[in-house]
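Q: The structure's right below; bear with me while I get my questions together.
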Amino acid sequence: MENNLEKIRHSLAHLLAMAVLEKFPKAELGIGPVIENGFYYDFGNIKLTDADLPIIEKRICELIKQNLQFKKETLPPITAKKFFVKQPYKLELIKELNKDKQKISIYKSGDFTDLCKGPHVKSTKEINPDAFKLTKLAGAYWKGSEKNPMLTRVYGVAFETKKELEDYLKQMELAEKCDHRNIGEKLGFFMVDEQIGKGLPLWLPKGYAIRKKLEDYIFEIEKQNGYLHVLTPQIAKDELYKKSGHLAHYKEDMYAPIEIDNEKYYLRPMNCPHHHSIYNHGKKSYRELPLRIAEFGTVYRYERSGVLSGLIRVRGFTQNDAHIYAAEENLEKEIISILNLHKKVFDDFGIKDYWYRLSLPDFSAKGGSASGGKNKFSDVNKKIWEQGAAILKKSLQNIGHKFVEAIGEASFYGPKIDIQMKDLYGKEDTIATIQVDYYSAAKFNLSYIAQDGKEKPAIVIHRAIFGSFDRFFAFLIEKTCGNLPLWLAPVQAKILAISQKQQAYAEKILNELGNSGIDAELAPSDETLGKRIREAEMQKIPYILIVGDKEISSNSVSVRSRKGDNETMSLEKFLEKIKKEILEKNKKGLPL
């Protein structure tokens, strides 16, 4: 079924191009691949607006009903060029294919011809005209490079039945409502200023208040589990990153160097080389292992403009990072300890819908790469890597965690366990990771004196429970749709006096809440009570406290909860209630 659906989506991309060319004959065709849940097509030399989408969609429906056939042909490059003589992007693709002496594959449907390998449906009668929709326009650089022209991308979604489409659109409506970028702007959590730069978020007071609570929480948890917190510089000389392998394997994702005193410095893309330097500050004995070094370390990575997204994909972010230096005989025990720590933290936040991915090396990859792709090196000790992968697998099995295996997803320095979750849009993402590193010990001479008096290499475990505070924050906002659990809320209670006459009593309550460690705000009394209540509700504040003459006379507050409950109680009772709830934190799961 999935393969058939891919054919449907691919065929709809062609029909989209066909319909656009009819309406805009001078449009230049880019590419039109299948993507998750749908398809897109890129167009140059065209100006489309949202108003054009229903018109194009209607025309696609008309084309579907014509029962058009999709017919494949293969042509020599010179013949293919004649078909696309007025299409510069297609000619560029043909030129690239011609380098490999490939025959050019095309598909014809009606009067339309496109450069394509397929596959497609046999005819448009296999496509349900009620089960697709054009969803949005976006800008996209040709081939994803900022050096190339900006094209107009038309996105569409497609399914086999109308109900599947309707269900998906409802999910997307909810996702749009709960998108952390929208909520972050409405609730004043963070912002991005073009004068500072794309992908460099500014944390506003309420957003930072939440983040600080996350930092305090994880600091205490890590401290209880034997982690030693450090602080290291955000730049370092190029020698450090040559030694670590980042300049060899990761340079394209790093910022350009800064020249200082005729030396090159880089903004750090990762914290690990800095922690290795701390480990090497004095010889280590087996008695000191495992040594757990943790840092809330800010790093910088050059993400391309097209992939930047709120706090999910940024260019500067702070990792909840740690590196554990362990002896081989303690590796499995330490991995299990980290997995249990993950579970503890996720249980505290009520996070349940996650799973584990065992990311393994691919030794069959061209060039001797353990992980495949760009991470190629020849000095891999295959036996050690396989041993590390086996320990990770055994650790997962020993504590009963279900997991999937992914060949070729290992990092350049070792196998790893990734904690996976689906985002609001149904896309799988990695939110945390545990990586075993057999690469750094030799590079940095990370060793210890074993019990027999011999010097042995330490094994490094890279570990991030939250991943980064930025991404985890975004995840929490989306999972709760902004209705954060009480203990995390930046404003836990808002006090509203019915009129100016009760404002002094409201201020007294504000002081008592503040003295009890409750984050509270006092609303000014110059707006109507109804308007102030609505504003507090829109800010998703857990408790609204309303005070009037009746509350003054009884030293009480009228409490409206975010859940819709209303109750009048003494201030003392309310303080007892809210303190207990904060202490219990959130044990019931994070609702959407």
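Q: Which of the residues that make up the range 60-74 are surrounded by fewer than 17 Cβ atoms within 10 Å (Cβ to Cβ) and either touching a residue at least 40 places away in the same chain (Cβ under 8 Å) or touching a strand residue (DSSP E or B) at 6+ places or on another chain (Cβ under 9 Å) (or both)?
A: Cys61, Lys65, Gln66, Asn67, Gln69, Lys71, Lys72, Glu73, Thr74
Q: Take the range 432-447 and flag every residue that is in contact (Cβ under 8 Å) with a residue 24 or more places away in the chain and surrounded by fewer than 22 Cβ atoms within 10 Å (Cβ to Cβ).
A: Passing the criteria: Thr433, Tyr438, Lys443, Phe444, Asn445, Leu446, Ser447.
Q: Could you tell me whether Lys125 is in contact with a Leu (Cβ under 8 Å, 6 or more places away or on another chain), among the charged types (D, E, K, R) and surrounded by fewer than 16 Cβ atoms within 10 Å (Cβ to Cβ)?
A: No, not satisfied.
Q: Now, a different point. Restricting to the range 451-472, name every residue that is buried (at least 22 other Cβ atoms within 10 Å of the Cβ) and charged (D, E, K, R).
A: Within the range 451-472, Arg463, Asp470, Arg471 meet the criteria.
Q: Here is a further query. Hey, among Lys186, Lys177, Lys206, which residue is more than 18 Å from Lys427 (Cβ to Cβ) and surrounded by 13 or more Cβ atoms within 10 Å (Cβ to Cβ)?
A: Lys206
Q: Can you confirm whether Leu214 is under 24 Å from the mean Cα position of the chain (by Cα), over 21 Å from Ala464 (Cα atoms), assigned by TED's automatic domain parsing to the domain that holds Lys333 and surrounded by 14 or more Cβ atoms within 10 Å (Cβ to Cβ)?
A: no
Q: Condition first: closer than 23 Å to Asn320 by Cβ and of a type in the set (Phe, Trp, Tyr). Now tell me which residues in the range 249-301 satisfy that.
A: Residues satisfying the conditions are Tyr250, Tyr255, Tyr266, Tyr279, Phe296, Tyr300.
Q: Quick one: which helices (runs of 4 or more DSSP H) sit completely within the range 1-113 and have at least 3 residues that are of a type in the set (A, V, I, L, M) and either at pLDDT below 95 or out of contact with any Cys (no Cβ under 7 Å at 6 or more places or on another chain) (or both)?
A: 2-23, 52-64, 88-99
The values are calculated or read from the model by the stated rules, or taken from the named source; none is laboratory data. Note that this is a predicted model, so its numbers are computed, not measured. Please note: Cβ atoms are built from the backbone with ideal geometry, for glycine as well, and neighbour counts cover all protein chains shown.
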